[in-house]
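These notes are about the structure you will find just below.
Just so you know, all these numbers are worked out from the coordinates, no wet-lab data involved. Computed from a prediction, not measured in an experiment: that's the story for all the values here. Note that each Cβ is placed from the backbone with ideal geometry, even for glycine, and that neighbours are counted across all protein chains shown.
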Amino acid sequence: MEWSEELAGGLLQAAPDAILVLDGRRIVLVNDRAEELSGRPRGELLGNDIDLLLTDDARTMLPERRRRLDEGRAGPLGAVTTTMRRRDGSEIPIESSVALVDTPQGRLAVAVIRDLTERARAEQDKARLRAEAQVHRNQRLESLGQLAGGIAHDFNNMLGVIVNYASFVIEEAESAEPDVKMIAADARQVIRAGERGTDLTHQLLAFARREVVRPQVLDLNRAITDVEEMLRRSIGEHVTLIFRPCPDLPPVTCDPGQIEQVLVNLVVNARDAMPSGGNLVIDTDRHGDQVRLRVSDAGKGMAPEVVERAFEPFFTTKASGEGTGLGLATVYGIVTQADGEVTIASEPGLGTTVTVLLPAASSAAEEGPVAAAAVPTRGNGETLLVVEDEAALREVAGRILSAAGYQVLSADGGPSALEVAARHEGTIDLLLSDVVMPGMLGKDLAERLVHIRPDTRVLYMSGYAQPVLHSQGTLDPGVALLEKPFTADDLLCAVRRRLDG
């Protein structure tokens, strides 16, 4: 029937896949999609042997399919995945489904061929992404291993000093005739090693962008001027420090202590790159809506492969014992935490330039005043509740505060602190609590205690408080925090300030 032939032709052309009708091995009918897929015009396909489109891969399947064509009954024979040869000689992946159809002219084979190029490309992309992800995982593991190894190395050295010098102190103190000067000298070595450990911890937290940050609007030129003399002492007389401030420089929003860390690390690196001396230039300037800080030296410079790894933690080209490899990693952590950028330009023999870009603050009017150094003062019999899960540190804090004239209550965690407070009949003037403790966070303890005792003030102490006391990268407003490790003066100043504030 005429309409049936038109309908069949329309369906054939509307099919999204290539369709070939075979009489034996001869192609007798094709649709437009078959022309597109094979890259051959209809006249070149019709009447030709199917071998025209077969690749070596497809030919390996031909005997089995031929046998099934000869022996099978009408109906589908299933699908196989193979390749097709195009007119230009290229090969494309395809999925070929064949069905046998009995017609008045005899048995014909209808092949439906689907282009798998996009699917193959997608699978290749997935495989590539999986391979890249594996490489990134391996790199992260390698970096973590390097980080852990560097930490272990440096802390083991410090602990070795602390343990042995503490032993010397005990031995000398228990001797028949203790040498007080020797005991004091050994104790100072213990303190010095502890301070090195504190510095390393701060560097690690800055690198990981987890250090407690107290940003304020500040004049970068003035911040550099304030530490300029200290920087000159750090580099020695053989290096000439030149500071070139840009006039009318917009203010930036940063933690002043962290800006000092950035300067010290960059200046010390520049000094070490110039063992025979030279000029070290610090300059500031505008850079669009950013403020630029640049530190340049005339030292030996770095090879491209060294520049590429310069910000990695514990990567250093210095000799053993001369550097931790955390200086530039710390700079990177501080700058990125402040929403800034840092780059290095260096060539062997031509020196190194480190460029830091920081967002300009909206106004200098908000610039915070420089706080005067606090003087430790004694207590007036105020009652303090000290909550710390580390027994030795709890004892240290209690001992310092008791000696300073405070009444000290202590607890090893939030639940026990609430019990102590419930039993105490008098006032509790101040809660001094660790931030991260098992069972109950210090913040939760403070909320519950202040709800019961509204007049109790709160002072937190922690070495890693950011996840609990921070919001949007800065310390929550109104929060008072004493950073660990602290000295007796640090503790007494913070307590007095909180009680009097």
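Of note:
- Whole-Hz Karplus values for the range 338-351 come out as 8, 6, x, 10, 9, 9, 10, 10, 7, 9, x, x, 10, x Hz, taken residue by residue from phi with 6.51 cos²θ - 1.76 cosθ + 1.60 and θ = phi - 60°; glycine and proline positions read x.
- Sequence-distant residues sharing a close amide H with Leu241 (under 5 Å, placed H): Leu280
- Taking amide H positions as modeled 1.01 Å from N, with prolines and chain starts lacking one, the residues under 5 Å from Gly463 and 5 or more places away or on another chain are Lys484.
- R0 of 25 Å, Cβ-Cβ distance Ala15-Asn48: FRET efficiency to nearest 0.05: 0.75
- Only Lys, Arg (+1) and Asp, Glu (-1) charged, at Cβ; the range 383-500 dipole about Cα centre in debye: 200
- Note, ³J(HN,Hα) from phi for the range 113-128, Karplus 6.51, -1.76, 1.60, rounded to Hz, x at Gly and Pro: 10, 9, 6, 9, 4, 5, 5, 5, 5, 5, 5, 5, 5, 4, 5, 5
- Phi angles of the range 404-411 translate, via the Karplus equation with coefficients 6.51, -1.76, 1.60 and θ = phi - 60°, into HN-Hα couplings of 8, x, 9, 8, 10, 9, 9, 8 Hz per residue; Gly and Pro are given as x.
- Fewest-first ranking of Thr284, Thr487, using other Cβ atoms within 10 Å as the exposure measure: Thr487, Thr284
- Sites listed here are GluC sites (Glu not before Pro) in the range 409-469 whose DSSP assignment is loop and whose Cβ has at most 14 other Cβ atoms within 10 Å: Glu425.
- For Ser90, Ser96, the sequence from fewest to most other C-beta atoms within 10 Å is Ser90, Ser96.
- Burial ordering of Asp489, Asp17, fewest other beta-carbon atoms within 10 Å first: Asp489, Asp17
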